[in-house]
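Written below as structure tokens is the structure these notes are about.
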Amino acid sequence: MIRTWSVVGLAVVTGVLQVGATTAAPGRFPAAVQERLGEVWAVSGERCLATCLTAELVLTAAHCLQDRRARPLPAHTLSFRTVAGESVAVRVVQRHPEFSAQQASLEAIGVDLALLRLVRPLAEPMPAPLTIGTGVSVGETLLIPRRGRSQPSRCRVIDQVGFVFTLDCPIAPGDSGAAVLRAGAGAVPELVGVISAFETDGAAHTAIATEFDSMFLSLIESCR
């Protein structure tokens, strides 16, 4: 059986990103997560999902920040839009140091991560910081916010190779860059990865996500 990986890519979509209630009821996101979700927009109208780490720092997939010819998109052509509708331009793009837009391999997916520094802090009040989690393991159930849905998808980790893990749920165009969250013991889930690609295994298409390696975790800390 042949197994292939394909990046989700930027997609022109018409759905609206929605997340759940402001309490930590089972299967829903608390306000601390809800208020951090949004989308990265290119001037052409294409977009990917993204998550605020701070009022000025946004996390998404690195391949979202290139055009269809795999050329890097300049920062001035990008903006971040929150669920509440605020839009702020991007000042600086920082991709994982080992990311290469010219590669289409499992190794490339493993570093498909990027940070965006906004030109100004978001005006909306920011909730308590998200915890960055590590140690994703096969068999655990994780949460993914989905465009047009009021609740996150609950997805089980079914495979893992290095910092790349496969989830047992399908993804749609434009889902790249979505947060992958682990429901913690407290009210706020941990952020453990980013949706990067889909896997084709026969007729099945399943989500592929990227976990944070030490190099990217250091980059996050240096940017905060």
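The values are calculated or read from the model by the stated rules, or taken from the named source; none is laboratory data. Note that the coordinates shown come from a computational prediction; the quantities given were computed from them, not determined experimentally. Neighbour counts run over all protein chains shown; Cβ positions are idealised from the backbone, glycine included.
Residues that are at pLDDT 95 or above and of a type in the set (S, T, N, Q) within region 102-122 are absent altogether. Selection of region 181-206 for residues being at pLDDT 80 or above and either touching a Phe, Trp or Tyr at 6+ places or on another chain (Cβ under 6 Å) or of a type in the set (Val, Ile, Thr) (or both) yields VAL192, VAL194, ILE195, ALA197, THR206.
Picking from residues in region 43-75 that are touching a helix residue (DSSP H, G or I) at 6+ places or on another chain (Cβ under 7 Å), outside any loop (DSSP other than H, G, I, E, B) and modelled with pLDDT of 90 or more, the one that is nearest to LEU191 (Cα to Cα) is LEU57.
When each of SER87, SER44, SER100 is tested for being of a type in the set (Ser, Thr, Tyr), surrounded by fewer than 22 Cβ atoms within 10 Å (Cβ to Cβ), farther than 27 Å from ALA183 by Cα and touching a Leu at 6+ places or on another chain (Cβ under 9 Å), the lone residue that passes is SER44. For region 104-122, check the following and say yes or no: at least one residue is under 27 Å from GLY162 (Cα atoms), in a helix (DSSP H, G or I), free of Cβ contacts under 8 Å to residues at least 60 places away in the same chain and not assigned by TED's automatic domain parsing to the domain that holds LEU167. Yes, region 104-122 contains a residue that is under 27 Å from GLY162 (Cα atoms), in a helix (DSSP H, G or I), free of Cβ contacts under 8 Å to residues at least 60 places away in the same chain and not assigned by TED's automatic domain parsing to the domain that holds LEU167.
Applying the criterion of being among the polar types (S, T, N, Q) and more than 23 Å from THR131 (Cβ to Cβ) to the residues of region 149-175, the residue that is surrounded by the most Cβ atoms within 10 Å (Cβ to Cβ) is THR166. Of all residues in region 123-148 being assigned to a loop (DSSP other than H, G, I, E, B), modelled with pLDDT of 90 or more and in contact with a strand residue (DSSP E or B) (Cβ under 6 Å, 6 or more places away or on another chain), which is surrounded by the fewest Cβ atoms within 10 Å (Cβ to Cβ)? By that ranking, first place goes to VAL138.
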